[in-house]
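Before any comments, here is the structure.
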Amino acid sequence: MGQQDAMYTHYMYNTVSVNPAYAGSRDAFSFTLLHRTQWLDFPGAPQTQIFSCHAPINGGVNNIGCSVIHDEIGPVNTYALAVDYAFKISFSQKRFLSFGLKLGVESFNIDFETIDNYEYLSESIDSGSSLLPNAGFGLYYYSQLFYLGVSSPRLVRNYYKYEEGGFFAQEERHFYFISGGLLDIDRETKLKLTSLVKMTHGAPISIDLTTEFLFKEQFSLGAFFRIGDAVGLLASVEVLPQLMLGYSFDWSYVNQTVTYNKGSHEIILRYDIRKQKSQYQSMKDFCRF
């Protein structure tokens, strides 16, 4: 009944997986790979892998994207495949508002036999799987120096059944609110401030606050604070003009979990293909994030 979506420290680089309106906003054919290992050395802890891509078409008025997500926690494996469409309105050459729609299918699989001492559980607890469709929406406003977005990637509250007349899980709607801004410190240093608010029934509101410094248009270093949960560091480097590599480490300070794990690790790789010279030329330009 609580949080079901995976969490990401690199939410500012992985926006299209939760907000379809982000599709095409980078003015490139953009590919992203992400892997997260949460609560290292904690048996059954979450692990998540994501592949996403998106691109503008028809001069960027229409935009498309897709994402594939695998999330594993304990005996539960979830797979999700979604396609995105975004329609962009231009207020000027540097200010845009995008409306997005996400359509997808999800596979929810649970195998209780992977649990220790499974034979002592009630015989009525069976393994099972379900494959069901879903849909979501998103709004995304952005410029070179600021962005703001709201989305819900899954609006249908699916019931995942394991036997006729019963179910072993029900999806809850998750709502995401993202924002960010970029400030000049000097010619070679920028300050980027971003935030993510997540809301769902049955779980406390989650708020991520992130600060990053961008140096010489080539690499960044920052810190984040997840209220009531964790703190951490993140860094990224522009290996090539089209290729970005990022890493983050989270440390949970909550008493109930800090004793039993060695932190969470996340790595992300993003590659952009541009057919022509873009108006966003370097890592310092906000839409490259």
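When you count the other C-beta atoms within 10 angstrom of each residue and take the mean per peptide, 95-106, 19-30 line up highest first as 19-30, 95-106.
Whenever you get a sec, compute what percent of the accessible area on the stretch 1-115 sits on carbon and sulfur atoms (1.4 Å probe).
Carbon and sulfur together cover 66 percent of it.
For the ranges 172-180, 39-47, 63-71, what's the packing order if you count other beta-carbon atoms within 10 Å of each residue, average per peptide, and put the highest first? Before the final figure, lay out each step's value.
Numbers: 172-180: 18.4, 39-47: 14.6, 63-71: 20.2.
Order by mean packing, descending: 63-71, 172-180, 39-47.
Electrostatic tally near ALA21: other residues with Cβ closer than 10 Å to its Cβ, Lys and Arg +1, Asp and Glu -1, net +1.
The values are calculated or read from the model by the stated rules, or taken from the named source; none is laboratory data. Being a predicted model, the structure only gives us computed values, none of them experimental. Please note: Cβ atoms are built from the backbone with ideal geometry, for glycine as well, and neighbour counts cover all protein chains shown. Please note that ligands, DNA and RNA were not included when accessible areas were found on the heavy atoms of the full protein model with its side chains. Shrake-Rupley method; radii C 1.70, N 1.55, O 1.52, S 1.80 Å.
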